[in-house]
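Remarks on the structure that follows.
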Amino acid sequence: MKQYVLLVIWVFFGYLTIVKGYKNYGVEDMYYWKDVYYENLPYEDDTLIGKYPYHIPANNDVVGIGYHAKSGLMLATVGRIRAGVPSTLNAFCVADYDKESSPKLWGFPNYRRNTLKSYFYEGFDKYPRQLNSDYTTYSAGYYNHFFGSDKINSIGQYSIISVYHPNIDDQCNRLYVVDTGVLSYGVSEVYNVQNPAIIVFDLPSNGCQRRQFPVIRRKEIPSNFWKNPVGFVYIAIDHQAKKSCDDVFLYITNTFDSSLTVYDYKKGNFWAFNDPSMRPIISDAKNVFNNYFNYEIRLGIMNVALGWVDNSGNRNAYFAPGSSTLEYIVSTKLLKNSRKTPFKYNPLEFFLIGHRGCNSQAFKQVFDSATGIMFFAELQSKKIRCWNTQLPLNTDTIATVFESEALQFVSEINVDEDGYLWFHSSHLPFTYLSDIPLNMTNFTPTTFRVRIFKAIRGTACEYPYFYI
């Protein structure tokens with residue numbers, strides 16, 4: 001009887017929440033940037049790197065954030081889609097800044113790796129350049145672990161060119177990023193500096209104090225797996241049950257190629273999927289930014305959100321194109337099987353599970369393993385929404401947990417191991433698709449945080465057993 005009464009109460013209040021539209025409960029404004037400044041830059045702002053100043057604050061837009069609770073580090077990325085970005089992969093220590101402040105960033109793992117060279121701008125090369133080596137700390141046994149006795153293409157020969165999103169591995173305290181290798185300054189000025197590469201760093205618990213972050217691995221993505229490397233957006237990290245930290249599969253999305261590249265970290269092999277479900281829907285590609293900037297961009301698969309592990313060690317992999325309001329699913333059993341690619345699998349294994357509703361295009365989605373709830377960072381509706389994956393996916397089971405004019409374009413959303421949902425709004429479509437100078441006073445890139453249990457309280461995402 002008690003369970004029945006609670007179920008009725010849950011349904012009633014869930015219904016009221018849907019009718020009301022949203023509930024902004026417990027959301028904290030954490031950080032904002034009117035201009036992006038850096039700590040102890042090695043050069044003056046007006047120092048020329050090629051034909052561009054080293055640092056143009058108004059051209060720097062924080063695109064991605066990721067919090068590592070054990071070290072207290074917040075990773076922050078500034079994609080090089082305009083000139084004057086001194087460092088693309090950055091960090092700051094959360095303990096050093098109060099809420100509603102504007103943290104100064106510092107280059108991760110250091111500025112030396114992130115600093116561009118003048119000759120990167122010499123022409124519009126289609127081939128990667130050989131780069132000068134500089135000092136970097138590597139993890140113990142790096143060469144034996146990764147290269148064996150073959151040290152051709154030494155890890156020392158690279159710079160970090162342009163990173164859009166950090167991918168935190170809380171289980172093994174690592175950072176995974178994809179460096180696109182491209183300086184993409186508008187539609188007409190593109191410099192192919194290096195091949196895209198996966199870079200993996202160690203995140204020690206004393207990282208804020210020592211600021212030493214060994215490189216665990218750097219692996220270029222072979223050219224037959226991409227056409228436009230700028231489309232490499234996110235990495236999903238799939239740990240295999242009761243195995244080592246190196247026994248993982250990485251699912252790397254390329255939104256412009258509408259493809260999913262799989263990397264077997266332990267064996268060092270790549271393979272890819274190009275299923276029709278990963279392609280954009282043209283009618284969903286038109287959007288508005290900041291209530292006046294109309295743009296059309298065709299975004300394929302954005303990221304993969306991994307569900308719970310089943311008895312066989314596999315998971316549901318949820319995904320959606322950025323230019324779509326549909327949601328799809330595939331088992332990682334298929335994704336991990338390289339023998340079924342590229343065209344030997346049954347397309348029905350990638351199947352549609354529902355429709356999220358009008359204007360619900362999502363730039364990223366994240367699964368919270370503690371509750372089984374999916375959160376969506378919607379790029380058009382100015383909302384953060386949720387769905388309990390134990391329920392059918394439809395417009396009645398999806399709820400809004402936060403809505404604000406400050407959410408002009410939510411380019412990042414993730415969950416930390418302390419039970420917080422983090423999300424971040426940026427200028428990304430404006431900086432990428434126009435050459436108009438940024439006006440940070442009209443809209444400020446902002447990072448938000450909310451306790452997950454507070455975010456879902458009283459919504460259709462809240463499941464009855466939470467109170468039984």
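Key figures for this structure:
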{"quantity": "Estimated FRET transfer efficiency when R0 is 22 angstrom, pair residue 433-residue 291 (beta carbons, to 0.05)", "calculated": "0.90"}
{"quantity": "Listed peptides 186-192, 444-450 by packing density, highest first (mean Cβ within 10 Å)", "calculated": "444-450, 186-192"}
{"quantity": "Accessible area in square angstrom per residue, segment 343-424, 1.4 angstrom probe", "calculated": "35"}
{"quantity": "Per residue accessible area of segment 223-335, 1.4 Å probe, in Å²", "calculated": "39"}
{"quantity": "Residue-by-residue Karplus 3J(HN,Hα) for segment 231-244, coefficients 6.51, -1.76, 1.60, Hz, glycine and proline x", "calculated": "x, 5, 10, 10, 10, 9, 9, 10, 6, 8, 4, 6, 10, 6"}
{"quantity": "Derived scalar couplings ³J(HN,Hα) [segment 311-327; Karplus, 6.51 cos²θ - 1.76 cosθ + 1.60; whole Hz; x for Gly, Pro]", "calculated": "5, 9, x, 10, 9, 6, 9, 8, 7, 7, x, x, 9, 5, 10, 9, 10"}
{"quantity": "Burial ranking of peptide ranges 425-437, 215-227 (average Cβ count within 10 Å, highest at the top)", "calculated": "425-437, 215-227"}
{"quantity": "FRET efficiency, residue 190 to residue 267 (Cβ-Cβ, R0 30 Å, nearest 0.05)", "calculated": "0.35"}
{"quantity": "3J(HN,Hα) from dihedral phi, segment 289-297, Karplus parametrisation 6.51/-1.76/1.60, rounded to Hz, x for glycine, proline", "calculated": "10, 6, 6, 9, 8, 8, 8, 10, 9"}
{"quantity": "Protein accessible area in segment 391-437, 1.4 Å probe - carbon and sulfur %", "calculated": "54"}
{"quantity": "Area of residue 211 that stays accessible when all protein chains are in place (1.4 Å probe, Å², to 10)", "calculated": "80"}
{"quantity": "FRET E, pair residue 40, residue 157, Förster distance 25 Å, beta-carbon r, rounded to 0.05", "calculated": "0.45"}
{"quantity": "Stretchable slack from residue 122 to residue 96, in nm (0.36 nm times residue separation minus alpha-carbon distance)", "calculated": "5.4 nm"}
{"quantity": "Summed residue charge, Cβ within 10 Å of residue 104's Cβ, Lys/Arg positive, Asp/Glu negative", "calculated": "-2"}
{"quantity": "Sequence-distant residues sharing a close amide H with residue 60 (under 5 Å, placed H)", "calculated": "36"}
{"quantity": "Segment 276-330, accessible surface, carbon-and-sulfur percent (1.4 angstrom probe)", "calculated": "47"}
{"quantity": "Interchain or long-range residues, amide H under 5 Å from residue 101's placed H", "calculated": "32"}
{"quantity": "Cut-off under 5 Å, modelled amide H: who pairs with residue 301 long-range", "calculated": "258, 259, 322"}
{"quantity": "Pairwise label distance in nanometres, residue 333 with residue 353, each label 7 Å out on the Cα-Cβ vector", "calculated": "1.5"}
{"quantity": "Inter-site label distance for residue 281 and residue 206 at 7 Å from Cα along Cβ, in nm", "calculated": "5.3"}
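The values are calculated or read from the model by the stated rules, or taken from the named source; none is laboratory data. Bear in mind that the values here come from a model prediction, so they are computed numbers and not experimental data. Note that each Cβ is placed from the backbone with ideal geometry, even for glycine, and that neighbours are counted across all protein chains shown. The area values use the complete protein model at the heavy-atom level, side chains included, leaving out ligands, DNA and RNA. Shrake-Rupley method; radii C 1.70, N 1.55, O 1.52, S 1.80 Å.
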